[in-house]
1. At a Förster radius of 41 Å, what calculated FRET efficiency corresponds to the Cβ-Cβ distance of A:SER7 and A:HIS388, to the nearest 0.05?
2. Against the longest principal axis of chain B, how steep is helix B:557-568, in degrees 0 to 90 to the nearest 10, with axes from Cα atoms?
3. Debye calculation, C-alpha points only, no solvent: report log10 I(q)/I(0) for the range A:180-273 at q = 0.19 Å⁻¹, in the same order as the q values.
4. Under a 5 Å amide H to amide H cut-off, with H placed in plane at 1.01 Å, what residues pair with B:GLN932 once short-range neighbours are removed?
5. Treat the count of other C-beta atoms within 10 Å as a stand-in for reagent exposure and order B:LYS664, B:LYS428 from fewest to most.
6. Per-residue mean of other chain beta-carbon atoms within 10 angstrom of the beta-carbon, peptide B:576-585?
7. Calculate how steeply helix B:727-740 sits against the longest principal axis of the alpha-carbon atoms of chain B, using the helix alpha-carbon long axis, and give the answer as 0 to 90 degrees to the nearest 10.
8. Give me, ordered by chain and number, the residues 5 or more places off B:TRP274 or on other chains with an amide H under 5 Å from its own placed amide H.
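Read the figures in this text as sums done on the coordinates, not as results from a lab. It should be emphasised that the depicted structure is a prediction, and the values quoted were computed from it without experimental measurement. Glycine gets a Cβ as well: all are built from the backbone with ideal geometry, and neighbour counts include every protein chain shown.
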Amino acid sequence: MAMRRYSAFAIAKEAMSYHLGWERAWGSPAPKKKYDVIIVGAGGHGLATAYYLGKNYGITNVAIIEKGWLGGGNTGRNTTIIRSNYLQDPSAAIYEKARSLYETMSQDLNYNVMFSPRGLLMLGQTEHEVRGYKRTVYANNLQGVATEWISPAKVKELVPIINIDGPRYPVLGALYQARGGTARHDAVAWGYARACSAMGMDVIQQCEVTGVRTQGGKVVGVDTTKGAIDCDKLGMVVAGHASVLAEQAGFRLPIESLALQAMVSEPIKPCMDVVVMANTVHGYMSQSDKGEMVIGGGTDGYNNYTQRGSFHHIEETVRALIETFPMISRLKQLRQWGGIVDMTGDRSPILSKTPVEGIFVNCGWGTGGFKAIPGSGWAMAELMARGHSPLTEEFSMYRFREGKFIDESVAAGVAH
Amino acid sequence: MSTRLSKGGRLIDRAKPLNFTFNGRRMAGYEGDTLASALLGADQMLVGRSFKYHRPRGIIASGAEEPNALLGLGEGGKFEPNQRATTTELFDGASTTSQNHWPSLEFDVGAINNKLGRFLPGGFYYKTFMFPRFAWKHVFEPVIRQSAGLGKAPTARDEDRYEYAYAFADVVVAGGGIAGLTAALAAAKAGKRVWLMEQTAHWGGRAVVDGVEIDGKPAEAWVNETVEALGKMDNVTLRTRTMASGLFDHGYIMGYERVADHTPGDGRPRHRLWRIRAGHVITATGAIERSLSFAGNDIPGVMLASAVRDYVVNWAVSPGDRTVIVTNNDDAYRTALALLDAGLLVPAVIDARPEATGALPEAVRARGVRVLAGHGIAKVKGGKRVTGVSICVQAGEGAEIESIACDAVAMSGGWSPVVHLWSHCGGKLIWDEERAMFRPDPKRPATGDDGEAMVTAVGSANGFLTPDEVLADAHKAAGGQGKAPAAPAESEAPMMPVWIMPQGAGPDLRMKMWLDPQNDVKVSDVQLAAREGYESVEHTKRYTTLGMATDQGKMSNINGLAILSDALHRPIPETGTTTFRPPYTPISIGAIAGEARGDIFQPLRRTPMHAWHEIHGAHWEPVGLWRRPYCFLRTGEGVHDAVNREIRTVRNSVGLLDASTLGKIIVKGPDAGKFLDMLYTNMMSTLPVGKCRYGLMCSENGFLSDDGVVVRLSEDTWLCHTTTGGADRIHGWMEDWLQCEWWDWKVYTANVTEQYAQVAIAGPNARKLLEKLGGMDLSKEAIPFMEWREGTLGGFRARVHRISFSGELSFEVAVPASEGRAFWDALIAAGEEFGVAPYGTEAMHIMRAEKGFIMIGDETDGTVIPQDLNLQWAISKKKDDYLGKRAQERSHMASPDRWKLVGLETLDGGVIPDGAYAVAEGVNANGQRNMQGRVTSTYYSPTLNKGIAMGLVKHGPDRMGEVLDFPVDNGKVVKARIVDPVFYDKDGEKQNV
Amino acid sequence: MLTLECPYCGVKAEETELQAGGEAHLKRYGPGSSDDEFESYLFMRKNPKGVHFERWRHAYGCGKWFLAARCTATLEVFGTYSAQTKEPPADLQAKIKAKRPNWEGYK
């Protein structure tokens, strides 16, 4: 379907007719018999993959199949942090690709995703952490990622509400990425869905894949609750359910699904412009444009598909953040929620070919998926269209067999 | 105008007047008031501004569903934003402020958004503010952020304290209305341990307001008797001011007790968070009245009908002299009766149903009130408060038939059961067509660890709206024996779902019908979302922000999803609800943290000598939960100077290190040697009794995880030293293998880290110092290097190890922890003549680096294998297996291209910055500069008077003498030569004396 | 917030007393095993949405490791048993089969 351009002018025009003239942002098609490419999973990563297949490779005979509603999984459940200050080369490459695409995403998609490069701090609170972050700065500077190490005084200047004096874990400085920040998570999925739809792709919601059909080791299609659909290539981009889908295609993935939780406070007037991560004490916080303090912490240790986590993680995170930001003690928790995150053996993602020809998998983003969406989609599209991509090279699902890990916990206690 | 009535008020004590301020103005109320009732009693109708359009906002409700009346309460370290006035009890001296306006509540510049409202429909920001690109961050976003938010951010540290409490119960009942009381009594009589909590300060819920009769007496009397009976039972715990805030898996239910919110400064904790394990949970959480969607339903003075009744009956407050009632059900007629009983005027009851002929409407008619059936409100008139309503036909499009002057409107759109707790752990709902409500589906409850239902909903929370049904349901569900408490059966005519008033309202009116008055979401916004394809209820919620306000849509969600369903032409149950997430209403973040803050944020581990260090200038470094002295500062001395002094003391005379934090694990048994051979890369079974050996442990994935000296204590006993951070982890790891893999091996382990104090006495004068204490032969012959002996030193029972991490003559002495401090004092005293000084972790780090010893956490980072560190000498070639061996055979681990340990020496003698990378030519496929190595440890060596470093470099050991480039800050490049990592005393002459 | 009964000390343990240890009944592959076997042992974890056998340690209790059969979709606990077991006890398997007729069984 053709896309109507969004702008202040368009809003003003529609206002004259009570906004009754707006059209659907994306279509609601019935599945066709066959597509060149089927992407399973209409979250951010799946939609971005489809978008770049169309935009970069002209492949538009594409269906994106979603068992629930588009953007209804982890895309809409995360704490919206965007950063690329990763230590290892392959991570820095894909996350920085993503971050740079976020910079122009609103204009590219003609949908305001509210990317806000407000600056991101990772606090150094032990000598060990300080060393890890300084190392990251040196690596980043060679990787083309702009980060710097800043002093406690500069931290305090950027975050007036912070307590840098301890008592337990004084702030010794911070790894600062000035162009890190946040974006509106739902808008990323919606913006991509609208753009995919405008390129003629089919976003098919409420359609669950019930089986993967292969012939001679090659994929030929999927069975769904809306019937069988054929395809030449299949992209599995279903965070939280990758194992289940892989099982249907007859292979196993080196991942486990765990619960990760987050919470928001009631909204207050702006008090913190930057994103702050305190990994020693396992907590991170930013303030949304609505004014809520958005808070995240660590994952549970056991497999869990319920999208609910254990309360003691919330407790631990909150305690840690009160130490760092004493004023939040008098705010109120408005809402907490959970998502399912896929963890691999090295906590880094998998973007890979699979044992089945024509099937590609994108999973295992753990707690770091949202920030990667455009880079992941870009790389995955290249992998699916050309058979290889320098950005996905190191993220193969076979790396564990070779002992070739991409371990980001080196610099930070927890990866996000 | 709203006012305090001269008589009545169940909950207020007129003998106890209380003073408070609102925006600096002095006002008065009574004990028993809420902030909301006190404000209304003082004719304060306007209490805030809405989120988006900054429209004037008044009190709508009387309980947890209130979306508007959010105030700043208190000052300084007791200031709290967004306090819900309807659920906060008034106390003397309360200082309150309204929110989200500038410069004042009455005149708010932000209300310009209201004028522009037409241009700011739901989700407008997704469609604009995109050009120019930088403007979002620098222009649009700051303006939006400033305009959004609600209360001011607190600035001071919280002056109050909070606590946790724990409880266990067979049955937890949430809600102290007549359903909850009935259920609690039934369960208690059956012998169950019962925990009953009520979120307000009072028992009885709605029934006591509505004048229900139970077992032949007024509800209030029945409630009092029942509470008294429960109070006498040993198996019952009763808590008021305690809200069941969330239900978590396996019956873990949270009770949020507002202990001292109403008595600030009395020394009690402000809030207490109860964590209760419930065998079963009964939710008797009642129901919440819904608003009706008519134009202008957000103007101050438009309230829920039940709330109007509450204010009149409970607090003797009248929202207005002339109150028009608008409804789609019989219950709202009770409000008319309550108003009439209080001597107030009800100009009309406007009933959307085609006819209103039930007992309640008839009773109201009999009092001379006009009842306009089949009618609705076309529009509410007024700005900052209601001045009148325009009446129309419900079936029409909103043409005004008549205008009625009034100063309040009481609306009722029917009732929604409070299903939050039911739903928190996955309990499902069904749509009840007749009563137009989602209620708990008894066939699909949340299940517990046994797979059985762990929640039962009763009373109104289960969809029953009349007292007779409520009581019977609660009694039965709680397993009550005998007769249930009974109320006279009431006949109410069916309600009629009304989602828009009038049903044919055009776009102009729909833009003025508020669903969510806090976030400014209107009927037109939901319809726009549907039109644009945001079809799922989650999409609509997120696109319009419906239900995302601080009331989480308690009053408006059902209305919103009914509008959405209508717009999409699908039945309501197909649309479904958004997910109910804890907490039920917002709970303080302070309460979640509890007591764990400040000094007791986390446990602090102290060595026996901790207090000595504290007195003697320790500059602390956190290491796990321990604190270790980084160095000891003397008066006027900087950290760097102190470290260098400490190193010189050790190198030239003698220093003391508190090494008590090092992990000490006893491994004992016939198979202990075999076990340690699996755990360490070295051979430990062949270590002779009396000797020590440095050992390495790897994860099963091959990476170096810990190191330390292993001591053979006896034929079947080894003592394994671990790093400070590794003690608990390694002990757990040992137990893991012994219990889960090699369970037939006869081995015991014990973590004795805290049983011993350990001191390293290092330096050329170390032996002399210890000989002053006397009691043991410490000669080279009696205790050679890498051996240990037991004996007494100066009267202390001691195990003396000849091991050295500094490269000097060194003894590590372990004494019982209880004697640690005395032993340390004795060492300090004996060492005085040698100028002994304690040294900290930094001096230790530098000295080991001078010797080229690796440090776990510096040279290792979880990606390094022993082979990378040239530690092949510590990997036994004789063993078939050890943990990590197979992993190290994988192709990438065995690659000759891995970065390997070398020493690094700058050409100019300076110190290479920590963590710097060595670059290679060119860039990789992703355009990143190629790298060939990195610095792992780097220090200024006071011993050698120059910078020294260790690092990992590709093919490093084969490239001795080569110079590498390390780009550092500001485009500078440090040049360093690859050298041997042992910088000091290469032959070990100093430690082997 | 899970509770699991520790089969050693008989205590119904709170999750905060416990440490999760991942999939149970792993067979260790050491030197001499194939790349496939080793990769499968160390990384290819079962990740079912449903019945799962896993390791837990009563870390802040008796310190013992034990095994649990638990549903990852509902968090129902079918039972806990000794860590010194090569596969789930037959009576536990029968109990699970009775509760989950579609369960394909332990493999």
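1. On the way: r = 39 Å, r/R0 = 0.95.
Calculated value: 0.55.
2. 80
3. At q = 0.19 Å⁻¹ the computed log10 ratios are -1.12.
4. B:ALA918, B:VAL919, B:ALA920
5. On the way: B:LYS664 23, B:LYS428 16.
Ascending Cβ contact count within 10 Å gives the list B:LYS428, B:LYS664.
6. Numbers: counts 0, 0, 0, 4, 1, 8, 8, 6, 0, 3.
Shielding by partners across B:576-585 averages 3.
7. Once rounded, one gets 80 degrees.
8. Long-range HN contacts for B:TRP274: B:ALA165, B:GLY255, B:TYR256, B:GLU257.
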